[in-house]
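J.: Mind looking over this structure? Questions follow.
The values are calculated or read from the model by the stated rules, or taken from the named source; none is laboratory data. Note that the structure is predicted; figures quoted are calculated from it, not measured. Neighbour counts run over all protein chains shown; Cβ positions are idealised from the backbone, glycine included. The area values use the complete protein model at the heavy-atom level, side chains included, leaving out ligands, DNA and RNA. Shrake-Rupley method; radii C 1.70, N 1.55, O 1.52, S 1.80 Å.
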Amino acid sequence: MIHDPSSPHAPPGATRLSWATVPLTLGAIGVVFGDIGTSPLYAFREALQQSAEDGIDASEIVGVLSLALWALILVVGLKYVIFLTRADNQGEGGVLALTALARRSLREAKGAGARATVALVLGAMGASLFYGDAIITPALSVLSAIEGLKTIPGAASVFDESRIIALTIAILVGLFVIQSRGTASVSKLFGPICVAWFLAMGGLGIYHIIGEPAIFRVFFPVYGINFLITHGITGLFVLGAVFLTVTGAEALTADMGHFGRAPIQLGWFALAFPALALNYLGQGAFALAALEAATAAGKPFANQDWFFLMAPETVRVPLVILATMATIIASQAVITGAYSLTQQAIQLGLLPRLRIRQTSAAHLGQIYLPSINWLLLIGIIVLVAQFRTSSAMAAAYGIAVTGTMVVTSCLAYIVVRHHWHWRRATAVMLIAPFLALDLIFFGANILRVIEGGWVPLVIAAAIGLMIVTWMRGKKITGAFEGRQAIPLADLAAALAKRPPERVEGTAVFLTANPDNTPGALLHNLKHNKVLHARNLIVSVRTADRPTIPPEERARVEEIDANFTKVVLKYGFMESPDVPADLMRGGGADALIDPARTTYFIGRNTLKASADEGMPLWQDRIFMFLQRNASDPTDFLRIPPGKVLELGEQVTV
């Protein structure tokens, strides 16, 4: 995978315009803009539908269109493409990368270290909301594309609702089944397909704008403002539906580390935004023409599937095929984003270890998480079967995205204030308009909770409960281990005076705190009554940075002739490989001989209690998460035949 230039693996020229930017921009168009690029399939239709309570007239079409275009300009163009692409964490973006940067900034700020927990809480909220978005996006986008079959003359009777649902589920199941094989071989097609998609959208828009050039008046914001003033509560419902035009904006920063800032900015302003704007203008022009024709014929105006109907019948079949491919690519980007976010959450301690498979030897970003993959698929199938149409599902879409955007704005303030070191007044002046806009959209979407908006909130609440339970449970077990711990220096001094029986080889004891004696070492001395010739006390740490240079990976400190402390540091975008990094020795000689090394891991047995620690129901959840966490030997890439696990019972 291609990386941002701030990464040690980045190609040159990724943050400034050059010929190297062209292939990066093509890749970004295929990954970054897939989600937002498929919103014209349903966004304008749904926004217009919300204003149809008392009938639709020309002022409502123009007002809705003006709101949609200014949402793209302000939320996507100004906030994300221009501002948030600069608030990066060593080239990486997204809510958890921003969380890590904000937390590091607060830790380094004078007197603000204790508030670093606030950043972590915000990040956990953003991550929880993202999973709601990750389930809805593939279901809504693919279903809306397949529904285009109903607009093909003669096909409506063949593709009824049940068959459209069955075809949608079949496509989504196929997409998730192939995830385990990786997508590196087909991802090179994503860019060209999405370029064709954007060009087709822009071309369709121009086709209808030619007959209604006055449609460009919607760029005057007065039309959108007047619509909101004159429509009261209905205007807020419309605003909630208008937000569908900007769903997918988070991907612009979440994938920044793969492509760089300049390719994303170039892709947006040179292709994505012009194509989206032209298509929405074309849909508005088409709707105005349809309104005029209905009025002349004395018939009521009906809201329709404007996107597909605006295409001539002769090209409608290939357009449906192209739309389906575009929505599959958009879904793939969300799935990949869910894998990446989960990996970051695990590294930051928000979630238990999960099995992570590398699907490509050449591209480090190509990973696969089986548990996340199948949970997403189950949730998506349930959504499609329950809501049955894209219109019914659209009401559930905005809340998760707007919630994440509110979190992002709050984190951005911390970064601007404490990382960029702006004055408080200046930081507030920059962030307050963005936050106000996010809160307005969030409030508008809250009104749609009953229509289906409760779905992402329930998903986010479930994920949030798991995160809180996991973090609280780990804090309790960590406190227990701390109470039982003996300072390593004290043990080393005692063993130097009364050495136990020695055995050949190297023992690696993994622990969270290298200053204390690992429980596995104490159990080994107590029960086996031996000490290896060489003993490494190894701690694996996660930094608030995406990557750690190889020369900074290991910090080695000799305690005495028996013990050596080793701290291995990884970025939140990296997967630990303890044996490989102990072999490298942080630039020094190899610390281990693989053939003569045994790894000791503490594995405590959890016991639920209604009187201690967490409530009993929360104990059960934590124990379930602990049991189903990936084996640490897999997560740390330790050979399973070289591991001994020792521990005791802990009450949570």
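J.: Could you give the angle, 0 to 90 degrees to the nearest 10, between helix 398-414's Cα long axis and the longest principal axis of the Cα atoms of the chain?
T.: Helix 398-414 sits at roughly 60 degrees to that axis.
J.: What net charge is computed for the residues neighbouring residue 107, neighbours being all others with C-beta under 10 Å from the C-beta of residue 107, Lys and Arg scored +1, Asp and Glu -1? Let's see the in-between values first.
T.: Numbers: positive: 103, 104, 115; negative: 108, 544.
After counting each charged neighbour, the total is +1.
J.: What is the set of long-range amide H partners of residue 516 at a cut-off below 5 Å, with H atoms built 1.01 Å from backbone N?
T.: Under 5 Å from the amide H of residue 516 lie the amide H atoms of 488, each far enough along the sequence or on another chain.
J.: Report the extension gain between residue 222 and residue 637 in nm, rounded to one decimal, defined as 0.36 nm multiplied by the number of residues separating them, less their alpha carbon distance.
T.: Stretched out fully, the residue 222 to residue 637 stretch lengthens by 143.5 nm.
J.: Let me ask something additional. Which aspartates and glutamates, on any chain, are close to residue 79 with Cα under 15 Å apart, when same-chain ones fewer than 8 places away are left out?
T.: 88, 250, 438
J.: For a label point 7 Å from the Cα of residue 440 along Cα→C-beta, name the residues of region 50-78 whose backbone N is under 19 Å from it.
T.: 50-51, 60-78
J.: Apply 1/(1 + (r/R0)^6) to the Cβ-Cβ distance of residue 162 and residue 605, taking R0 = 56 Å, and write down the FRET efficiency to the nearest 0.05.
T.: Rounded to the nearest 0.05, the efficiency is 0.65.
J.: Which is the longest part of the chain that has none of the trypsin sites (Lys or Arg not before Pro) sitting in a DSSP loop with at most 12 other Cβ atoms within 10 Å?
T.: 189-422
J.: Taking θ as phi - 60°, what are the ³J(HN,Hα) couplings along region 431-445 by the Karplus curve (6.51, -1.76, 1.60), each to the nearest whole Hz, with x for Gly and Pro?
T.: Per residue, the Karplus-derived 3J(HN,Hα) values read 7, 4, x, 5, 5, 4, 4, 4, 5, 4, 5, 5, x, 5, 6 Hz.
J.: Continuing with this model, one more query. Among (i) 1.07; (ii) 2.26; (iii) 1.02, which one is Cα Rg over 2.2 N^0.38 Å computed from these coordinates?
T.: Comparing each candidate, only (i) matches the computed number.
J.: Counting each DSSP H run of 4 or more residues in the chain as -39500 (n - 2.57), what helix-only mean residue ellipticity at 222 nm follows after dividing by all residues, to the nearest 500 deg cm²/dmol? Walk me through the numbers before you get to the answer.
T.: Numbers: 26 runs with 354 residues, N = 652.
Estimated from H runs of four or more residues: -17500 deg cm²/dmol.
J.: Moving on to the next point. Can you work out the Karplus-derived ³J(HN,Hα) for every residue in region 595-605? Use 6.51 cos²θ - 1.76 cosθ + 1.60 with θ = phi - 60°, whole Hz, and x for glycine or proline.
T.: Result, ordered by residue: 6, 10, 10, 10, 9, 10, 10, x, 10, 7, 8 Hz.
J.: Quick one: Karplus J couplings for region 88-105, per residue in order, coefficients 6.51, -1.76, 1.60, θ = phi - 60°, nearest Hz, x for Gly and Pro?
T.: Each residue of region 88-105 in turn: 9, 10, 6, x, 8, x, x, 5, 7, 5, 5, 4, 4, 5, 5, 5, 5, 5 Hz.
J.: Could you give the length gained by full extension between residue 557 and residue 181, i.e. 0.36 nm per residue of separation minus their alpha carbon distance, to one decimal place?
T.: 131.2 nm
J.: Another question, then. Please report the carbon-and-sulfur percent of the accessible area for the chain; probe 1.4 Å, protein heavy atoms only, DNA, RNA and ligands left out.
T.: 62
J.: Using a probe radius of 1.4 Å on heavy atoms only, what accessible surface per residue do you get for the chain? Whole Å² is fine.
T.: The answer is 41 Å² per residue.
J.: Now for a different question. Kindly express, to the nearest 10 degrees and within the range 0 to 90, the angle between helix 370-387's C-alpha long axis and the longest C-alpha principal axis of the chain.
T.: Long axis of 370-387 versus the principal axis of the chain: about 30 degrees.
J.: Need one number: nm distance between label points at residue 423 and residue 627, each 7 Å from Cα along Cα→Cβ, rounded to one decimal.
T.: 5.9
J.: Rounded to the nearest 0.05, what FRET efficiency do residue 432 and residue 596 give with R0 = 56 Å and r taken as the Cβ-Cβ distance? Could you check? Intermediate results must be reported in sequence, preceding the final value.
T.: Details: r = 61 Å, r/R0 = 1.09.
Efficiency computed from Cβ-Cβ geometry: 0.35.
J.: Here's something else I'd like to know. Measuring from label point to label point, each 7 Å out along Cα→Cβ, what is the residue 388 to residue 577 span in nm?
T.: 5.2
J.: Can you list the lysines whose alpha carbon sits under 29 Å from that of residue 526, skipping same-chain ones fewer than 8 residues off?
T.: Straight-distance partners of residue 526: 474, 475, 497, 565, 607, 642.
J.: Continuing with this model, one more query. In nm, to one decimal, how far is the residue 567 label point from the residue 465 one, both placed 7 Å along Cα→Cβ?
T.: 3.7
J.: Take residue 475, project a point 7 Å from its Cα along the Cβ direction, then tell me which residues of region 608-639 have their backbone nitrogen under 12 Å from it.
T.: Under 12 Å, as judged by backbone N against the label point of residue 475, lie 614 of region 608-639.
J.: Note the angle between two axes, namely the Cα long axis of helix 116-146 and the longest principal axis of the Cα atoms of the chain, as a number of degrees from 0 to 90, rounded to the nearest 10.
T.: Rounded to the nearest ten degrees, it is 50.
J.: Say R0 is 22 Å: what FRET efficiency, to the nearest 0.05, do residue 357 and residue 541 get from their beta-carbon distance?
T.: Values: r = 23 Å, r/R0 = 1.07.
E(calc), rounded to 0.05, equals 0.40.
J.: Next question. Search the structure for amide H atoms under 5 Å from the amide H of residue 606, placed 1.01 Å from N in the peptide plane, and list their residues when 5 or more places away or on another chain.
T.: 650
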